[in-house]
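The structure appears right after this line, and notes come after that.
What follows draws every value from the coordinates through simple rules; no lab data is involved. Quick caveat, the model's predicted, so the values are computed rather than measured. Using ideal geometry, Cβ is built from the backbone for each residue, glycine included, and neighbour counts are taken over all protein chains shown.
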Amino acid sequence: MLDVALIIFIVLLLATAFSFILAPFAGSPPIPSTPKTCQAMIDAIHKYDPDGEVIIEVGFAWAGLSIKLAKTFPNRKIIAYEISPFPYLMGRIRKCFSRNVGNLTLCYGNAFKAFEKGSLKPDTIVFYLCDSISEKAKVCMPAAKNLVLANTYAVPDTEPSEVINVGDIANSKLYCYNTSLLEVKK
Ligand SMILES: C[S@@+](CC[C@H](N)C(=O)[O-])C[C@H]1O[C@@H](n2cnc3c(N)ncnc32)[C@H](O)[C@@H]1O
C-alpha cells in the first residue's frame, strides 16, 4: 500500500516538474496568482463589470482562481482554458472535489485560437501569462465586452484604465483594461 502511494507521489512530482520544464512550449509556467491578487481581480470585476454574465480565464493551471471565481460569482458562467495537459488534468480533479462550481467549465486547449475564431464574447477575460506571450494576449482585447485583467504582465501597446499594486509577497501588479472604452474595439 505504501509502495503504491510512493509511486503515485513520484509520478505526480515528475509530472509537475515536467509542466514547469515544458512551460516555454506550453506558454508559461503553471504558477498560481497569489490570494491577494485573486482578491484584487474579484474586486476589479465588481468595479468594472458589475453586471457581466461570462468570465473567461486564459490558462487556469491548477484551477485555484477559476474555482474561486465560480464560487464568488454563482450567477455568472466561468469558462477556463488550459493548454498544458497535466495542470489541466489536476484542475479537472480539483473541480470534482469542489462544491458549488456547477457554473465552471474547464476546457483543454489554446484559448487564443478560440478567440481568433471570434466565437467567444465574454464580459471579462482574466489571465496571468508570461512576458513572452503577452503580445498574443492582444487578441483578447476586442473579444472582451467590458474588462480584461492581466496579472503582472501588461498587454503591449494598450493603456490600462488602472494599475493596482496588489501588495502581496510577489509585488504583483494587476493591469485593468476597461475594454468598453478602448479604441481597439472600434
Ligand atoms: C501563470 S499560470 C496562471 C494560473 C492561473 N490563471 C492563476 O492566475 O492562478 C499560466 C497558465 O496559462 C497556461 N497557458 C498559457 N498560454 C495559454 C493559452 N494560449 N491557452 C490556454 N492556457 C494557456 C499555462 O500552461 C499556465 O498553466
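Think of region 10-161 as a dipole: +1 on every Lys or Arg Cβ, -1 on every Asp or Glu Cβ, centred on the Cα centre; then among Pro156, Cys107, Gly59, Cys107 lies furthest on the positive end. Summary value for the chain: 20 percent relative contact order, contacts being C-alpha pairs under 8 angstrom separated by 6+ residues. Short to long, the 10 Å bins of the Cα pair-distance histogram for region 30-185 hold 12, 45, 38, 6, 0 percent of all pairs.
Which stretch or stretches of region 49-76 have amide N atoms under 12 Å from the point lying 7 Å from Ser98's Cα along the Cα→Cβ direction? Once the point is set 7 Å along Cα→Cβ of Ser98, 57, 60-74 turn out to lie under 12 Å by backbone N, inside region 49-76.
The string of couplings for region 170-175 from the Karplus curve (6.51, -1.76, 1.60, θ = phi - 60°) is 8, 6, 5, 10, 10, 8 Hz, one whole number per residue in order, with x for Gly and Pro.
Evaluate the charge dipole of region 30-185 about its Cα centre and quote only its size in Debye, nearest 20, assuming +1 on the Cβ of each Lys and Arg and -1 on the Cβ of each Asp and Glu.
It works out to roughly 660 debye.
Cross-link check: pairs Lys71/Lys136; Lys145/Lys173; Lys117/Lys145; Lys47/Lys77; Lys71/Lys173; Lys68/Lys136 evaluated at a Cα-Cα cut-off of 20 Å; pairs beyond the cut-off: Lys71/Lys136; Lys145/Lys173; Lys71/Lys173; Lys68/Lys136.
Loop-located GluC sites (Glu not before Pro) in region 38-133 (DSSP state other than H, G, I, E, B) with a sparse environment of at most 16 neighbouring Cβ atoms within 10 Å: Glu53.
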